[in-house]
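Computed from the coordinates by the stated procedures, all read-outs in this text should not be read as laboratory data. The structure displayed is predicted, hence computed values, not measured ones. No Cβ is skipped: glycine too gets one built from the backbone with ideal geometry, and neighbour counts run over all protein chains shown.
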Amino acid sequence: MRIALLGSIAELHTRRWARALSARGATVRVFSLEPPAGAGEPGSPIDWVRLPAPPVPRAMRYPLARGALLRGLDAFAPDLVEAHFVPSYGLLGALAGRRPLVIHAWGSDLLLSPGRSPLHAVRARFAMGRADLVVVDARVVAAAAGRLGVPPARLAVVPWGADLGLFPLASFMAAPHVVSLRQLEPLYDVACLVEALPAVRARVPRLAVTIAGEGRQRTALEKLARRRGVADCVRFVGRVPHGELPALLASAAVAVSCARSDSTSISLLEAMARGATPVVADIPGNREWVEHGVDGLVFPPGDRAALATALVRALNDPAFRAAARVRARQKVERGGDFAVAVEATLGAYRALVPRGAAA
């Protein structure tokens, strides 16, 4: 099967997906307006084409790339086109008009973007209305797609999943080490974690916190840690390469996410697979994976006092964590295995390709 993947090659998820499809026999070519990020990474090389990105507002760049994309598709002759992220490459895929078209929603493109204005909602409806299949990674995102007019027959819920071979269950970690893997952007509310730490350290004197990730708020968060008197127990380590995450999570007793909105968080599944007890904001995407008091703990979004209480409970109750980590691993094995997600998606693609070819 020849698959044209429309998506940002600068995103780890795009590269990971392209390599997974290629490893299962598909011939994949990525079409991206953005260049690769960084100096390279382990793994097979990716066949990709740079689309023009003129210096115009971001929302206009993708429609303007239609002509170059059509020429690239003519040269590649794909059996199927898949587009990742609804407002950008989903729109571009819809404008290209090639079938069959599969659009992958990543979460905020349906949970947040359509609510910003009527125009944003119309754009999402237009793109998904021209897709043969819309793939989402959580039930909460499926519900959002349904509200935008996607019928159940053209909708598939397939969590991205964790690589269970790369993230095996680690040994139990007794030390009170808390890890955050979210971007340092307002949506992920890492400030809530920093604000909660004074109360946590009062009850957990040996507390250590690692905040991984980059974003516009990093400097402000480092200053906040100093103002709250917890800078000596917090490390800001920046973006951690994906291949180094298993070691970081193996050292963690708890993985925390304060995100205000999310679908199925891959970093959450990776933490659960590795055995770090999740303490996460009580939002629909997280509730699909974390049952409070069973395989993790939840707290009201933005409630630093409740977060502090949850962290103290998790860190000071090793018996709870020992049981929760096993249940969390089993849950990911049942429903969050990346290999299963890839095979399920390819199965859906195989059902589409004959239909598209006949048309």
In degrees, nearest 10, the alpha-carbon axis of helix 218-227 is tilted away from the dominant principal axis of the alpha carbons of the chain by 10
For the range 1-79, using Cα atoms only, the Rg and Dmax in Å read 12.8, 38
Scalar couplings 3J(HN,Hα) for the range 102-114 by Karplus 6.51 cos²θ - 1.76 cosθ + 1.60 (θ = phi - 60°), nearest whole Hz, x for Gly and Pro, are 10, 10, 9, 8, 9, x, 5, 5, 10, 7, 10, 4, x
The simple spin-label model distance between Arg287 and Ala37, using points 7 Å out along Cα→Cβ, in nm, is 3.1
The rounded separation in angstrom of the Cα centers of the range 185-201 and the range 233-273 is 15
Diffing the range 69-74: the Karplus 3J(HN,Hα) column from phi (6.51, -1.76, 1.60, θ = phi - 60°), in whole Hz with x for Gly and Pro, holds 5, 4, 5, x, 5, 4
One can check that the equivalent ellipsoid of the chain, built from the alpha-carbon gyration tensor with semi-axes equal to the square roots of five times its eigenvalues, has lengths in Å, largest first, of 37, 21, 19
Of 76-83, 222-229, ordering from highest average Cβ density within 10 Å down gives 76-83, 222-229
Rounded to one decimal in Å, the inverse mean reciprocal Cα-Cα distance for the range 173-299, i.e. its Kirkwood radius, is 14.5
Rounded to the nearest 5, the percent of DSSP beta bridges in the chain running antiparallel is 0
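For a distance above 15 Å, tell me the whole-number percent of Cα pairs in the range 126-185 that qualify.
The proportion of pairs with Cα distances above 15 Å equals 66 percent.
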Interchain or sequence-distant (5+) residues whose placed amide H lies within less than 5 Å of the amide H of Val298 are Val280, Gly293
Net charge (Lys, Arg +1; Asp, Glu -1) of residues whose beta-carbon lies under 13 Å from that of Pro35, Pro35 excluded, is 0
Between His13 and Ala121, the two model label points (7 Å from Cα along the beta-carbon direction) sit apart by a distance in nm of 2.4
Label model pair Ala153, Ala247: point-to-point distance (7 angstrom along the Cα→beta-carbon line) in nm is 5.2
If the chain between Val56 and Val294 were fully extended at 0.36 nm per residue, the gain over the current Cα-Cα distance would be 80.7 nm
Here the gain from full extension of Gln330 to Arg206, 0.36 nm per residue of separation minus their alpha-carbon distance, amounts to 41.7 nm
A chain fully extended from Ala348 to Leu187 at 0.36 nm per residue, minus the present Cα-Cα distance, gains in nm 54.7 nm
If every Lys and Arg gets +1 and every Asp and Glu gets -1 at its Cβ, then about the Cα centre the chain yields a dipole, in debye to the nearest 20, of 500
